[in-house]
Amino acid sequence: MTAVALIVAAGRGARAARDPLQPKQYAPLAGRPVLAHTLAAFDACPAIGAIVVVIHPDDRALFEASTTGVSSKLAPPVLGGATRQESVRFGLEALATAAPEHVLIHDAARPFVTPDIVARVLEALDTNEGAIAAEPLSDTLKRDDGAAAIAETIPRAGLWKAQTPQGFRFSSIWTAHARAAASGREDFTDDAAIAEWAGLKIALVPGASGNFKLTTPEDMQMAERLFRSETPAWEPRTGTGFDVHAFCAGDHVWLGGVQIPHDKGLLGHSDADAPLHALTDALLGAIGDGDIGQHFPPSDPAWKGARSRVFVEDAAKRIAARGGRITNVDLTILCEEPRIGPHRDAIRAAIADMLGIEIGRVAVKATTTEQLGFTGRKEGIAALATATVLLPL
Ligand code: MG
């Protein structure tokens, strides 16, 4: 594993939350918890292999409720400590065995981080021990005299506002944190400050003014407005698909992209994977783009013996080309045998992989037909699928 995101969500600051009892990283923002927005940004970065969240011990239930199905890269949470510094150290400690090459430490309460910012920080780590997202200061700085009057103006040239993510070589920041703790230093306000104290050279890379930390109720209101204005209007579309293949002589069947040993095979031009054919039609149906037979005619020898994931991936590409997103897919397989239950999660994982969506968005169900009809007589297998897609308006 090369890069891990360590998200710090252990704070108890309730200033920004609408409910004063709810920590702000779990507060609702544009219909999702703040933390879910943050995790989605890191999930979208291919270079991030895993995401670890440091949480407050009282927040286990909030964490579970806020992150279900958000990212397949999400590891079990780590319990934080009394201060942010201690929480980060506990998070690093939990990663010590895996020892990733790089770690990106990020505040959960910065939900506007983008995959671009993450990529810039990671790129800077190729040539630096550390790199942080930061913004040059544009406001003029005043120091007060202790009585709300100006004592002096501080030149702003060369001054930056530190943001997160802050990325480091894992071994360097882990050593720096351990040394700081051993020296009794618990007063650092960010991880770059610990790295500086340890003598590491830290690069400044452009963050974004929008990558601000939610602190006050006003921040929450501004964040809500920003999300509303940035989110395109989406139109939900639903498609359905149905397919049947007959049994023939053979020793395995392909169902949902998984090869399942059986005392029969399925007859077809391709691998005869009826669930994937139904799914392809459901995806194409959702965007009104013909059907599987139109795009992949059985008369075309190119598709003889083809793995049906090719058809599903093509449909997913057509959706992506329209700027769409697949919200969820739901399959029902009708057969007396083979038994689907033992293969259900493998099928879900295979389909999630083909579609590039989380496994929580893929449902696979099976039923017999009480020995009625062609499926009941074990003459073949039928499959039904529905797909929900969001298309930009
Ligand atoms: Mg078919």
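The values are calculated or read from the model by the stated rules, or taken from the named source; none is laboratory data. This is a predicted model, so every value here is computed, not measured. Ideal geometry is used to build each Cβ from the backbone, glycine not excepted, and the neighbour counts take in all protein chains shown. In case anyone asks, the SASA skips ligands and DNA or RNA and just uses the protein heavy atoms, side chains included. Shrake-Rupley method; radii C 1.70, N 1.55, O 1.52, S 1.80 Å.
General remarks:
- Residue-level accessible surface for Arg344, protein heavy atoms, 1.4 Å, Å²: 90
- Against the chain, whose longest principal axis comes from its Cα atoms, helix 170-182 is set at around 40 degrees.
- For the chain, the longest principal axis of the C-alpha atoms and the axis of helix 34-43 are separated by about 70°.
- Simple Cβ-charge dipole of region 235-393, Lys/Arg +1 and Asp/Glu -1, about Cα centre, in debye nearest 20: 280
- The string of couplings for region 145-159 from the Karplus curve (6.51, -1.76, 1.60, θ = phi - 60°) is 9, x, 9, 6, 10, 6, 8, 6, 9, 9, x, 9, 4, x, 9 Hz, one whole number per residue in order, with x for Gly and Pro.
- Residues Arg60, Arg361 ordered from highest to lowest accessible area at a 1.4 Å probe: Arg60, Arg361.
- Our summary gives region 45-183 a relative contact order of 24 percent, counting only alpha carbon pairs under 8 angstrom and 6 or more residues apart.
- The accessible area of Arg143, taken with all protein chains in place and a 1.4 Å probe, comes to roughly 130 Å².
- Across Lys161/Lys201; Lys24/Lys213; Lys264/Lys378; Lys264/Lys317; Lys317/Lys365, pairs whose alpha-carbon gap is larger than 22 Å: Lys264/Lys317; Lys317/Lys365
- Region 235-390, relative contact order in percent, only Cα pairs under 8 angstrom and at least six apart counted: 33
- Accessible area in square angstrom per residue, region 115-188, 1.4 angstrom probe: 55
- Projected-area average for the chain over all orientations - Cα convex hull basis, square nanometres: 24.6
- Placing R0 at 35 angstrom, the Cβ-Cβ distance between Lys304 and Asp58 gives a FRET efficiency of 0.05 after rounding to 0.05.
- Cα centroid separation, region 237-316 to region 104-141: 45 Å.
- Within the assembled protein chains, the solvent-accessible surface assigned to Phe112 is about 30 Å², based on a 1.4 Å probe.
- Dipole in debye (nearest 20) - region 174-286, about Cα centre, beta carbon charges: Lys, Arg +1; Asp, Glu -1: 260
- Among beta bridges that DSSP assigns inside the chain, antiparallel share in %, nearest 5: 65
- Ligands, DNA and RNA left out, the accessible area of the chain computed with a 1.4 Å probe is 54% carbon and sulfur.
- Rounded to the nearest whole Hz, the Karplus-based 3J(HN,Hα) values (6.51 cos²θ - 1.76 cosθ + 1.60, θ = phi - 60°) of region 382-390 follow the sequence 10, 9, 10, 9, 10, 9, 10, 10, 9, with x at glycine and proline.
- Residue-averaged [θ]222 nm for the chain, counting only DSSP H segments that reach four residues, each worth -39500 (n - 2.57): -9000 deg cm²/dmol
- Cα-centre dipole for the chain with unit charges at Cβ (Lys and Arg positive, Asp and Glu negative), debye to 20: 280
- Largest accessible area first, the residues Ile357, Ile351 order themselves as Ile357, Ile351 under a 1.4 Å probe with ligands, DNA and RNA left out.
- Estimated D of region 207-331 in µm² per second, where Rh is the Kirkwood radius over Cα pairs and Stokes-Einstein applies at 37 °C, 0.692 mPa s: 189
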